[in-house]
Amino acid sequence: MNHCGTVPLETARCRLRKETIEDAQAIFEGWTSDPEVARYMSWEPHRELSEAIQLLTVKVLPNYPLPHYYEWGIVSKDGGGLIGAIAAIVKDPADPVVYVGYCLTRRLWGKGLMPEVLSAVLDFLFDTVGVSVVRAKRQALNRQSGRVMEKVGMVHYADGLETVKGREVPFCYYEIRQEDHRIRRLAR
Ligand SMILES: CC(C)(COP(=O)(O)OP(=O)(O)OC[C@H]1O[C@@H](n2cnc3c(N)ncnc32)[C@H](O)[C@@H]1OP(=O)(O)O)[C@@H](O)C(=O)NCCC(=O)NCCS
């Protein structure tokens, strides 16, 4: 494994970069305060800007020096500023399996942006970091997130139950293997 931290990435329409404390307002207004974005997430919508500041100062920014910490802010190249975030979660730096999660501001849903961004993150994880498998999960009702996973070639391999916000809810688990991603890319 060649962990190299949250390096800048680029897609046709977006730049991916580390988040900074100056992003707190855009994160709060763009997605963490939106109940529709938070609907299937593990967190409740933020009510105050201070919650986004706390998220950044406690959970994100202190981890950037770690070589196996991957959390990108997504910036629209058309001048729209910060529009979302995507993370690759490494549970053990020696484990070749990583987990991805993502959020996009609601005004930009349905334009294929997250599949484009996730595809670039998969390229990075497989080609640069050298992971073997990338996994993701979604609540069964979150079909729009399932579509993102399917569009990048992730395969639904299992179902389960998890407790979220005090309720037991069904989940669908997806994965893509390095070899399948490579074949898929060659076929493009
Ligand atoms: C999941 C999410 C990242 C999708 O990103 P996106 O860039 O809109 O993805 P796509 O444009 O490929 O759209 C995916 C699907 O969303 C659905 N969709 C599109 N526009 C939508 C809208 N305005 N409202 C609701 N659903 C919509 C469609 O079913 C689409 O699939 P299709 O292209 O086959 O019709 C985005 O909806 C989001 O941020 N949701 C809230 C956070 C979340 O659920 N994160 C994932 C947790 S597992």
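Is there any pair with a first residue in region 114-140 that is in contact (Cβ under 8 Å) with a residue 40 or more places away in the chain and a second that is within 8 Å of the ligand (Cβ to nearest atom) and part of a strand (DSSP E or B) whose Cβ atoms are under 9 Å apart and which are 6 or more apart or on different chains, and what are they? What qualifies is VAL117/GLY84; VAL117/TYR102; VAL117/LEU104; VAL121/TYR102. Is it the case, given these coordinates, that GLU44 is away from the ligand (no atom under 11 Å from the Cβ), closer than 26 Å to ARG182 by Cα and outside any helix (DSSP H, G or I)? Considered against the rule, which asks whether it is away from the ligand (no atom under 11 Å from the Cβ), closer than 26 Å to ARG182 by Cα and outside any helix (DSSP H, G or I), GLU44 comes out as no.
Take region 39-60 and flag every residue that is of a type in the set (A, V, I, L, M, F, W, C), surrounded by 16 or more Cβ atoms within 10 Å (Cβ to Cβ) and over 16 Å from the mean Cα position of the chain (by Cα). ALA52, ILE53 - these are the residues of region 39-60 that are of a type in the set (A, V, I, L, M, F, W, C), surrounded by 16 or more Cβ atoms within 10 Å (Cβ to Cβ) and over 16 Å from the mean Cα position of the chain (by Cα).
Within region 112-171, being of a type in the set (Lys, Arg), more than 8 Å from the ligand (Cβ to nearest atom) and closer than 15 Å to VAL100 by Cβ holds for one residue alone: ARG135. Here the condition is being over 23 Å from ARG177 (Cβ atoms) and either of a type in the set (Gly, Ala, Ser) or modelled with pLDDT of 95 or more (or both); of ALA94, ALA87, ALA52, it holds for ALA52 alone.
Each residue in region 1-41 was checked for being within 12 Å of the ligand (Cβ to nearest atom), hydrophobic (A, V, I, L, M, F, W, C) and part of a helix (DSSP H, G or I), and 3 pass.
A single member of HIS3, HIS46 is in contact with a helix residue (DSSP H, G or I) (Cβ under 9 Å, 6 or more places away or on another chain) and within 27 Å of CYS172 (Cα to Cα), and it is HIS46. The set of residues from region 78-137 being outside any strand (DSSP E or B), closer than 18 Å to HIS3 by Cα, touching a Leu at 6+ places or on another chain (Cβ under 8 Å) and of a type outside the set (Gly, Ala, Ser) comprises VAL121, PHE124, VAL131.
The values are calculated or read from the model by the stated rules, or taken from the named source; none is laboratory data. The structure displayed is predicted, hence computed values, not measured ones. When we count neighbours, we look across all protein chains shown, and the Cβ atoms used for this are built from the backbone with ideal geometry, even at glycine.
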